[in-house]
Amino acid sequence: MLIEAGLKSIWPDFSLEIQAPLDFAPGAVFHLEGPNGSGKSSFIKQLLLPRLLEMKDVYTLYFEQQMHYQLQAVKAYASLIKPRRVIVSEEDAVVWLLNNLQDSLTRKKRPSYTIMDESSCEAKVREFLRQRVPDCCLVFSSHAEKVPEARTIVFEPVSTQLSKVYVSRA
């Protein structure tokens with residue numbers, strides 16, 4: 001899945017200048033890096049997720065930055081699918097969703113994308129995917145230290161209305 005280079009209007013008063021095409025290929029790991037307010041979450045919500053949701057032949061798993069609403073939805077859904085399955089915490093929901101992805105891939109193989117916006121379960125998700133779904137493209141935003149296998153996409157604020165986006169060479 002490719003996001004083309006160019007100036008992308010994200011909000012009426014905020015744009016991202018993507019310096020080169022971003023190719024989110026199966027099996028790749030991407031770390032979105034930049035200060036708060038640089039456009040990482042907006043990139044996920046306004047560019048990346050809409051493109052993925054248009055693609056009917058992929059599985060998309062998204063972990064929101066503030067997962068408490070998503071947690072309630074997962075609890076409700078899980079109680080319908082597996083009534084005795086109790087989901088209490090964000091970690092329970094993450095594990096349930098990852099296992100659901102793995103089950104779906106067992107039934108029907110297709111490309112899969114996991115998107116995480118500052119999740120407290122980032123390391124657990126990375127390890128699960130590495131062991132069980134190695135061809136999944138993982139895109140995560142976090143303020144944690146760098147992950148060796150990840151390509152870093154940098155969000156560099158130029159002004160309050162613009163950030164440059166580029167793949168780090170370091």
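Coordinate-derived values only; no laboratory data. This is a predicted model, so every value here is computed, not measured. Note that we place each Cβ from the backbone using ideal geometry, even for glycine, and neighbour counts take in every protein chain shown.
Using the alpha-carbon atoms, what tilt in degrees (0 to 90, nearest 10) does helix 122-132 show relative to the longest principal axis of the chain?
Taking Cα atoms only, the helix is inclined about 60 degrees.
For every other residue with a beta carbon closer than 15 angstrom to the beta carbon of residue 156, add +1 if it is Lys or Arg and -1 if Asp or Glu, then tell me the sum.
+2
Go through 56/108; 124/164; 56/109 and tell me which ones have a Cα-Cα distance over 22 Å in this structure.
Cα-Cα > 22 Å for 124/164; rest within.
Within the stretch 64-170, report the GluC sites (Glu not before Pro) that DSSP leaves as loop and that have at most 16 other Cβ atoms within 10 Å.
When the GluC sites (Glu not before Pro) of the stretch 64-170 are filtered for loop state and at most 16 Cβ neighbours within 10 Å, 145, 149 remain.
What are the equivalent ellipsoid semi-axes of the stretch 48-122, built from the alpha-carbon gyration tensor (square roots of five times its eigenvalues), in whole angstrom, biggest first?
Rounded to whole Å, the semi-axes are 20, 17, 10.
For the stretch 1-47, take N as its residue count and report Rg(C-alpha) divided by 2.2 N^0.38 Å.
1.17
Amide H of residue 30 versus every other amide H placed in the peptide plane: which residues, excluding those fewer than 5 positions away on the same chain, fall under 5 Å?
Residues meeting the amide H criterion: 138, 139, 140, 151.
For the stretch 22-62, what is Rg from Cα atoms divided by 2.2 N^0.38 Å, rounded to two decimals?
Compactness ratio reported: 1.26.
What order, most packed first, do the peptides 94-103, 159-168 have when packing is the mean number of other Cβ atoms within 10 Å of each residue?
So the peptides 94-103, 159-168, ranked by packing, come out 94-103, 159-168.
More than 30 angstrom separation, counting every C-alpha pair in the chain; what % is that?
Counting pairs separated by more than 30 Å, the tail of P(r) holds 17 percent.
Please list, in chain and number order, the residues 5+ apart from residue 10 or on another chain whose amide H is under 5 Å from its amide H, with Hs placed from the backbone.
Distant-sequence amide H within range of residue 10: 15, 16.
Rounding to the nearest 10 and keeping the result within 0 to 90°, find how far the Cα-based axis of helix 68-81 lies from the longest principal axis of the chain.
30 degrees
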